Amino acid sequence: MGKKKEARYTILALIALAILVYFAQNNLDDYKLRILNISAIYVTLGVSLNLIFGFTGQFSLGHAGFMAIGAYVTTLLVLPPWYKEMIFIIKPLIWPFTIIQAPFLIALIISGIFAAGAALLIGLPVLRLKGDYLGIATLGFAEIIRIIANNIPQVTNGALGIKGIPEFTNLYWSVGVAIFTIYIVRGLISSSYGRALMAIRENEIAAEAIGVNLTYHKVMSFTLSAFFAGVAGGLFACLISTIDPKAFMFTMSYNILLVVVLGGMGSITGTVLAAFFYNFFLEYLRSVEAGFSIGPLTIPEIPGLRMVTFSILLLLVIIFRQQGLLGGWEFSWSRLINIIKKIFFHQRATEGGNG
């Protein structure tokens with residue numbers, strides 16, 4: 001299939017998605033919209049983590065820290081000065097946040113830049129590590145960010161957190177940012193930079209031997225990944241309308257990593273599907289925790305049964321699909337059309353045989 005046809009199909013798909021988003025935003029209740037928004041934010045987080053982990057092969061557990069940076073920066077920029085003066089009780093907010101107020105889009109971009117700056121500072125020394133050591137180092141960074149947020153009340157309001165954040169995040173923002181993230185990451189992977197990143201993933205020594213600058217490409221991937229994590233943190237803060245250091249514990253990084261592994265490392269399509277699967281299924285299983293009946297057998301209400309059931313299901317998926325739901329498979333229009341043709345021709349052949 002030619003590039004023009006691919007582009008035409010993509011534009012039509014985006015138009016259809018825009019119509020669905022408009023319908024959902026204006027017709028679904030707040031509970032369903034919350035699940036859809038969280039899922040879209042997880043798409044941004046999962047795709048960005050897949051860039052550094054799935055495509056570059058660097059095991060990072062620092063996304064919760066970058067999210068925290070983005071969430072606090074966005075919050076401090078979108079809140080009006082009079083409200084910030086009122087809620088900072090322990091210690092007054094430091095200048096210049098006391099006088100600054102920015103539009104939501106500008107706040108998201110700045111939050112991404114702050115997160116990318118932090119990634120650049122820690123990436124230069126930390127990315128010399130490999131495997132589990134890198135994972136432990138980035139996890140330590142995320143915990144340091146959380147502890148700092150807990151102990152600088154003049155910036156974060158400490159353990160009290162910040163409440164009353166304007167709920168700017170809706171499906172237009174969360175889905176729009178997710179699509180933009182996919183577009184940038186997919187474009188990068190399709191370029192010479194992407195081939196260099198995948199060469200690093202396969203064999204760093206061989207990649208360096210053919211002229212790939214390991215430090216440059218690792219830091220670039222890590223920084224871009226952190227940028228989108230910071231933006232996702234801003235969206236998250238303006239969705240739940242309240243943040244505190246406990247919202248960005250290490251379990252958040254594990255959840256994002258789970259989405260990447262579940263979808264398939266190195267698969268953007270798999271990450272998108274896994275992000276929605278993870279959040280929808282987690283909510284659907286709430287009915288299990290409330291108690292249910294199977295014929296004559298009645299299961300009483302058991303607190304925590306939802307997470308036990310979900311963990312067992314995830315364990316089964318990991319055991320029987322170690323490569324993830326889609327492995328390294330990626331969506332393409334030509335592949336979809338070929339599948340449809342095969343199904344159509346198979347059906348016609350079956351009907352002809354029966355005739």
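Can you tell me which residue among Leu93, Leu17, Leu76 is more than 30 Å from Asn338 (Cβ to Cβ) and at pLDDT 90 or above?
It is Leu76.
Report, by residue number, each residue of region 154-185 that is within 30 Å of Phe88 (Cβ to Cβ), in a helix (DSSP H, G or I) and out of contact with any Pro (no Cβ under 9 Å at 6 or more places or on another chain).
Val155, Trp173, Ser174, Val177
Does region 13-22 include one or more residues that are within 26 Å of Ser221 (Cα to Cα) and surrounded by 12 or more Cβ atoms within 10 Å (Cβ to Cβ)?
no
Could you give every pair whose Cβ atoms fall below 8 Å, whose first residue belongs to region 78-106 and is among the polar types (S, T, N, Q), and whose second residue is surrounded by 11 or more Cβ atoms within 10 Å (Cβ to Cβ) and not in a loop (DSSP other than H, G, I, E, B), counting only separations of at least 6 or pairs across chains?
Qualifying pairs under 8 Å: Thr98/Pro81; Thr98/Lys84; Thr98/Glu85; Gln101/Leu77; Gln101/Val78; Gln101/Pro81.
Working only within region 23-39, note down all residues that are assigned to a helix (DSSP H, G or I), of a type outside the set (S, T, N, Q) and loosely packed, with under 11 Cβ neighbours inside 10 Å.
Result: Asp30, Tyr31.
Given the residues Ile205, Ile184, Ile210, Ile165, which is the only one that is in contact (Cβ under 8 Å) with a residue 60 or more places away in the chain and of a type in the set (Val, Ile, Thr)?
Ile165
Return the only residue of Ala142, Ala118, Ala159 being of a type in the set (Gly, Ala, Ser), in contact (Cβ under 8 Å) with a residue 12 or more places away in the chain and loosely packed, with under 14 Cβ neighbours inside 10 Å.
Only one candidate passes the filter, namely Ala159.
Say we look at region 323-355 and pick out the residues that are assigned to a loop (DSSP other than H, G, I, E, B) and over 21 Å from the mean Cα position of the chain (by Cα); which of these is modelled with the highest pLDDT?
Here the answer is Ser332.
Checking the condition surrounded by 19 or more Cβ atoms within 10 Å (Cβ to Cβ), out of contact with any Gly (no Cβ under 7 Å at 6 or more places or on another chain) and under 27 Å from Asn255 (Cα atoms), which residue from Ala196, Ala226, Ala207 passes?
Ala226
Tell me, yes or no, whether region 186-199 has at least one residue that is part of a helix (DSSP H, G or I) and touching a Leu at 6+ places or on another chain (Cβ under 7 Å).
yes
The values are calculated or read from the model by the stated rules, or taken from the named source; none is laboratory data. Quick caveat: nothing in here was measured; it's all calculated off a predicted structure. Cβ: placed from backbone, ideal geometry, glycine included. Neighbour counts: every protein chain shown.
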